[in-house]
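Trainee: Let me give you the structure first, and then I'll get to my questions.
The values are calculated or read from the model by the stated rules, or taken from the named source; none is laboratory data. Source: prediction; values computed, not measured. Please note: Cβ atoms are built from the backbone with ideal geometry, for glycine as well, and neighbour counts cover all protein chains shown.
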Amino acid sequence: MAARCEAAGRPNNEDNFQLTDNLSGDQWGFISGNEVVLGEKGALLVVCDGMGGLQNGAMASDIAVKTVKAWFESDRLTPQVTSSPETIEQYIKEAIIAADLNIKEAGLQDSNYEGMGSTVVLAWIIGEQVYVGWCGDSRAYRYNPASGLEQLSHDHSYVQELVDSGKLSPALAFDHPNSNIITRSLGDLRQEARPDVQRYPLNNNDVILLCSDGLSGVLRDSEIESVIAANADSMEDCRQALWTTSEQVGWTDNVTIALCRIVSGAAAVTNTPSPSEPEENAVTVIKKRKPKGWIIAAIVLLLGIALAAGYYYFYKGCRL
């Protein structure tokens, strides 16, 4: 695993991230170029995109990351937690809700932090499954050479609601003027956090990507797919290529990226990707990202950058 944290397109960094390749050992932090056998309790990647301006967003995302980390300490991941997919999914929801409550409590205790918030997306790789939990518009993707790129999360955003209701074409969502408005987040005093959790079987050669909208708001999915496809054999190269491409097209927001590749030991994908359909009204020039806002609150800033890439093994002989 590898990580990098910079301000990217903004003068301040309000994002935070955390990762570990071994939840059984409570060894968190920066790891580079390692190949490991996945332990019984798995591995975790988490990215939080802070908002609220300056120190507020940084505080919110820091609280969110620390809360998730505390919930994933080895001694808390009991056999009862990991006994079934349902208990794992419920535990992820509870961890994200706890992060929401901690952010709200910090804001109530100190008026300087009033209104701060954060998105969150995490991937818990355990057994032969990846469990994705999120609140907000930070995304999780999976790329496989045999099946292409698919989005594993579903944005909690105004534009996504338009798409879901059939009022907006998915091809037009990227350039929609309100693409910066989110409908769920951590720290929103007007509503309880409502995270979503999904689980997916892992396949050989899967690349799991977590990112903030600093990446997905600058690069279209087809561009992200092309970059990963050209660098799928090396997560270090893939990390750098995504970074470089985002910078070249004119990033204005901070970028958070986490990458992980499943080398072997999982199922094989037998289908092949169909040719990509041309996007409706697609443009060559990538528009710069606008400041983000809550749908029920004032416009806030999104800042932060972390890049993570890794190689893992499954404890049943599966290598990441």
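Trainee: Could you tell me whether ARG199 is more than 19 Å from ASN254 (Cα to Cα), at pLDDT below 95, surrounded by fewer than 22 Cβ atoms within 10 Å (Cβ to Cβ) and not hydrophobic (A, V, I, L, M, F, W, C)?
Mentor: Here the answer is no, as ARG199 does not meet what is asked.
Trainee: Okay, next question. Just to be sure I understand the filter: pairs with C-beta atoms under 6 Å, separated by 6 or more residues or on different chains, first member in region 195-216 and closer than 14 Å to VAL121 by Cβ, second member among the polar types (S, T, N, Q) and in a loop (DSSP other than H, G, I, E, B). Which pairs pass?
Mentor: Taking only residues 6 or more apart or on different chains, the pairs are SER212/SER138; GLY214/ASN254.
Trainee: For region 83-137, which positions are out of contact with any Cys (no Cβ under 7 Å at 6 or more places or on another chain), touching a residue at least 60 places away in the same chain (Cβ under 8 Å) and in a loop (DSSP other than H, G, I, E, B)?
Mentor: GLY115, MET116, GLY127, GLY136, ASP137
Trainee: Residue under question is GLY53, and the condition is that it be touching a residue at least 24 places away in the same chain (Cβ under 8 Å), in contact with a His (Cβ under 6 Å, 6 or more places away or on another chain) and not β-branched (Val, Ile, Thr); does it hold?
Mentor: no
Trainee: Residue check: is ALA123 buried (at least 18 other Cβ atoms within 10 Å of the Cβ), under 15 Å from PRO195 (Cβ atoms) and among the aliphatic types (A, V, I, L, M)?
Mentor: When the stated conditions are applied, ALA123 passes them.
Trainee: Residues ARG190, ARG184: which one is part of a loop (DSSP other than H, G, I, E, B), crowded, with 18+ Cβ neighbours inside 10 Å and in contact (Cβ under 8 Å) with a residue 24 or more places away in the chain?
Mentor: Result of the check over ARG190, ARG184: ARG184.
Trainee: Could I ask something else about it? Give the residues of region 111-126 that are out of contact with any helix residue (DSSP H, G or I) (no Cβ under 9 Å at 6 or more places or on another chain) and either within 19 Å of ALA267 (Cα to Cα) or at pLDDT 95 or above (or both), sorted by residue number.
Mentor: Residues satisfying the conditions are VAL121, ALA123, ILE125.
Residue-wise test of (1) at pLDDT 75 or above; (2) polar (S, T, N, Q); (3) over 12 Å from ALA258 (Cα atoms).
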| residue | (1), (2), (3) |
| --- | --- |
| ALA2 | no, no, no |
| ASN12 | yes, yes, yes |
| GLN18 | yes, yes, no |
| ASP21 | yes, no, yes |
| GLN27 | yes, yes, yes |
| ILE31 | no, no, yes |
| ALA43 | yes, no, yes |
| CYS48 | yes, no, no |
| ASN56 | yes, yes, yes |
